[in-house]
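Chemist: Handing you a structure now.
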Amino acid sequence: MTDAAIVGTGPNGLAAAVTLARAGLKVSLFEKANTIGGGLRTAPLFDLDVPHDICSAVHPMAAASSFFRQFGLEARGVRLLQPDMPYAHPLPDGSAAAAWRSITRTAEHLGADGPRRTRVMAPLAARSGSVVDLLLSHQRSLPQDLRAALLLASRALAHGTTRTAFTSEPARALLTGVAAHAVGKLPSLASAAVAMLLGHAAHSTGWPLSEGGSARIAEAMAADITAHGGVFHTGHHVRDLAELGDIPLVMLDISPKEFLSIAGQRLPARYARALCRYRYGPGAAKADFLVSEPIPWSNPLVRQAGTVHLGGTHADIVRQETATAAGERVADPFVLVVDPAVTDPSRTSGGKRPVWAYAHVPNGDTRDPVDLIRRRIEEYAPGFSDTVIASRGLSAMQYETYNPNYVGGDIASGAMTLRQSLARPTVRRDPYKTPLPGVFLCSSATPPGPSVHGMCGYFAAQSALRKHHGLRTPPDLSPQEKELI
Ligand SMILES: Cc1cc2nc3c(=O)[nH]c(=O)nc-3n(C[C@H](O)[C@H](O)[C@H](O)COP(=O)(O)OP(=O)(O)OC[C@H]3O[C@@H](n4cnc5c(N)ncnc54)[C@H](O)[C@@H]3O)c2cc1C
């Protein structure tokens, strides 16, 4: 007999399944695609020996979150490889700003703004565990570390408004590039919180890549689930909750739009209306390239970076992101680029290597982004096009077809506005519990939101265990003797 069904096998569905299976429940997982993993898939797109990450590629939150800290990826053989320079930001005048793991080295490179940058990041890095736990919380309890909360609040207020502590372009653009990970209008309090979370993580737990690809993380989670009796059903698109029969507990790693579609008739009208009001943010359009050499960035500094932000100046990024959020197609969108082999040499084969890049575009955009992204890279790396052996584009709309959680290409499964950061997907005391008995939402449309951290699934499973099994203490997630490599 199945005790719990999990619909969707992204990092949050897997985290929910790990937690429930560890608590002794018999879990069955249902996944629309033929492979598990959601945003954690890796596949050889052009050459059998060159793996490409289809969605996520860089894992600052998997390195930091409380779920993965307990789960212990490294002890299970998943190597998180750390670039010494987590991210770089080339500027239109040929200069570049960069963040190293070392705060001191980062500051030295920023001249007069160096000490200011240290004053922003060093106190956060010193209390990194608390900062991460606060921003990756279910937001329904008081902060455990008030000092960390005050540090965050003061910085979010300063950097989420038009004021900025920095005077030089490199320091301003470096931070704004990280704020742009929130994918929305700039400046904003929500994007400033993201800038502080990701910005300080570069100097603490890092921005690692998973050796061999992001799928290694999903595989480690799946191995734990299987070892605890869980069963996977791939190629099963759940189109109606009734398909799950009388399984007493159902965890949904799906978007509010999909929830309305598979359960709409049964949902109380008020809750259904609230889900209809939930807003989706701008889309991502991705280009994958197979190339013959490392990206020829004209500024040599950028060649060491794990992630590269292409947005130009602070003012450029504010304009691009704000216009994109308003539904405008800008000619120079914000683009994130990763040349994974810079950090993980195992990604190359016979000199060939993958390049992962995506642009922020309006929600629902249907354009193939390959030429747009290639041109953006070429601006800062002339000659890049000559290294391209093969390419593939996925428009924002194609992302929704690939994975219904990415509504209109919104890879956050819901706009990261201040309101929706707190009330996700709607205002409720327990954001995971739905009005349907035994049915819980656990996708990134619940707190704490997007990224590969597993916390939405972990919190949703804890809520389900409390309410349906009276378990107040979460189960131990650490690798057991037989699972250690
Ligand atoms: C291009 C791109 C780049 C990204 N880069 C990063 C990055 O570098 N670092 C990072 O941390 N995050 C990144 N992300 C975001 C990250 O992938 C997501 O935040 C994360 O995967 C969300 O996890 P989830 O479990 O909530 O949902 P998902 O990972 O989206 O998984 C949901 C799963 O549910 C399945 N599903 C949905 N509906 C149904 C149904 N009705 N029946 C059966 N199955 C269903 C889907 O097929 C999917 O497998 C990126 C995303 C994209 C698309």
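Chemist: Among the residues in segment 295-308, are any buried (at least 20 other Cβ atoms within 10 Å of the Cβ), in contact (Cβ under 8 Å) with a residue 12 or more places away in the chain and over 27 Å from Asp93 (Cβ atoms)? Please lay out each step first, then the result.
Modeler: Quick first cut of segment 295-308, residues buried (at least 20 other Cβ atoms within 10 Å of the Cβ) only: 295, 297, 302, 305-308.
Subset that is in contact (Cβ under 8 Å) with a residue 12 or more places away in the chain: 295, 297, 302, 305-308.
Imposing the further condition that a residue be over 27 Å from Asp93 (Cβ atoms) reduces the set to none.
Looking for residues that are buried (at least 20 other Cβ atoms within 10 Å of the Cβ), in contact (Cβ under 8 Å) with a residue 12 or more places away in the chain and over 27 Å from Asp93 (Cβ atoms), one finds none in segment 295-308, hence no.
Chemist: For Ala5, state whether it is away from the ligand (no atom under 13 Å from the Cβ), farther than 13 Å from Ala215 by Cα and in a strand (DSSP E or B).
Modeler: no
Chemist: Mind checking which residues of segment 435-477 are in a helix (DSSP H, G or I) and surrounded by 24 or more Cβ atoms within 10 Å (Cβ to Cβ)?
Modeler: Residues satisfying the conditions are Met455, Cys456, Gly457, Tyr458, Phe459, Ala460, Ala461, Ala464.
Chemist: Across segment 243-252, which residue is nearest to the ligand (Cβ to nearest atom) among those that are free of Cβ contacts under 8 Å to residues at least 24 places away in the same chain and not in a helix (DSSP H, G or I)?
Modeler: Gly245
Chemist: How many of the residues in segment 345-355 are outside any loop (DSSP other than H, G, I, E, B) and either surrounded by fewer than 24 Cβ atoms within 10 Å (Cβ to Cβ) or of a type in the set (Asp, Glu) (or both)?
Modeler: Within segment 345-355, residues that are outside any loop (DSSP other than H, G, I, E, B) and either surrounded by fewer than 24 Cβ atoms within 10 Å (Cβ to Cβ) or of a type in the set (Asp, Glu) (or both) number 4.
Chemist: So, Leu267, is that one under 24 Å from Val361 (Cα atoms) and out of contact with any Cys (no Cβ under 9 Å at 6 or more places or on another chain) or not?
Modeler: For Leu267, the condition - under 24 Å from Val361 (Cα atoms) and out of contact with any Cys (no Cβ under 9 Å at 6 or more places or on another chain) - is not met.
Chemist: Report, by residue number, each residue of segment 83-119 that is under 23 Å from the mean Cα position of the chain (by Cα) and over 14 Å from Val308 (Cα atoms).
Modeler: Within segment 83-119, just Arg101 meets the criteria.
Chemist: In addition: Looking only at residues that are more than 23 Å from the chain's Cα centre (by Cα), assigned to a helix (DSSP H, G or I) and farther than 19 Å from Pro256 by Cα in segment 220-242, which one is nearest to the ligand (Cβ to nearest atom)?
Modeler: My answer is Thr226.
Chemist: While we're looking at this one, here's another question. Going residue by residue through segment 166-185, is there one that turns out to be modelled with pLDDT under 95, out of contact with any Leu (no Cβ under 6 Å at 6 or more places or on another chain) and not in a loop (DSSP other than H, G, I, E, B)?
Modeler: Within segment 166-185, not a single residue is modelled with pLDDT under 95, out of contact with any Leu (no Cβ under 6 Å at 6 or more places or on another chain) and not in a loop (DSSP other than H, G, I, E, B).
Chemist: Ok, one more. Which ranges mark the helices (runs of 4 or more DSSP H) fully within segment 34-141 that have 1 or more residues being open to solvent by 10 Å² or more (accessible area, probe 1.4 Å), touching a strand residue (DSSP E or B) at 6+ places or on another chain (Cβ under 7 Å) and within 16 Å of the ligand (Cβ to nearest atom)?
Modeler: Per the criteria, 60-64.
Chemist: Sticking with this structure for a sec: Run down Val407, Val439, Val370, Val452 and say which single residue is among the β-branched types (Val, Ile, Thr), closer than 20 Å to Ser66 by Cβ and within 15 Å of the ligand (Cβ to nearest atom).
Modeler: Numbers: Val407 fails: closer than 20 Å to Ser66 by Cβ; Val439 fails: closer than 20 Å to Ser66 by Cβ; Val370 fails: closer than 20 Å to Ser66 by Cβ.
From the options Val407, Val439, Val370, Val452, the qualifying one is Val452.
Chemist: Sticking with this structure for a sec: Please go through segment 154-165 and give me each residue that is part of a helix (DSSP H, G or I) and either open to solvent by less than 50 Å² (accessible area, probe 1.4 Å) or closer than 22 Å to Phe334 by Cα (or both), ordered by number.
Modeler: If the condition is that a residue be part of a helix (DSSP H, G or I) and either open to solvent by less than 50 Å² (accessible area, probe 1.4 Å) or closer than 22 Å to Phe334 by Cα (or both), then Arg155, Ala156, Ala158, His159 are the ones that fit.
Chemist: Among Val318, Val335, which is the only one that is within 16 Å of the ligand (Cβ to nearest atom) and either within 21 Å of Phe46 (Cβ to Cβ) or open to solvent by 10 Å² or more (accessible area, probe 1.4 Å) (or both)?
Modeler: Answer to the selection: Val335.
The values are calculated or read from the model by the stated rules, or taken from the named source; none is laboratory data. Since the structure is predicted, the reported quantities are computational estimates derived from the model, not experimental observations. Neighbour counts are summed over all protein chains in view; Cβ atoms, including those assigned to glycine, are modelled from backbone coordinates with ideal geometry. Accessible surface is based on the protein model in full, side chains and every heavy atom, while ligands, DNA and RNA are left aside. Shrake-Rupley method; radii C 1.70, N 1.55, O 1.52, S 1.80 Å.
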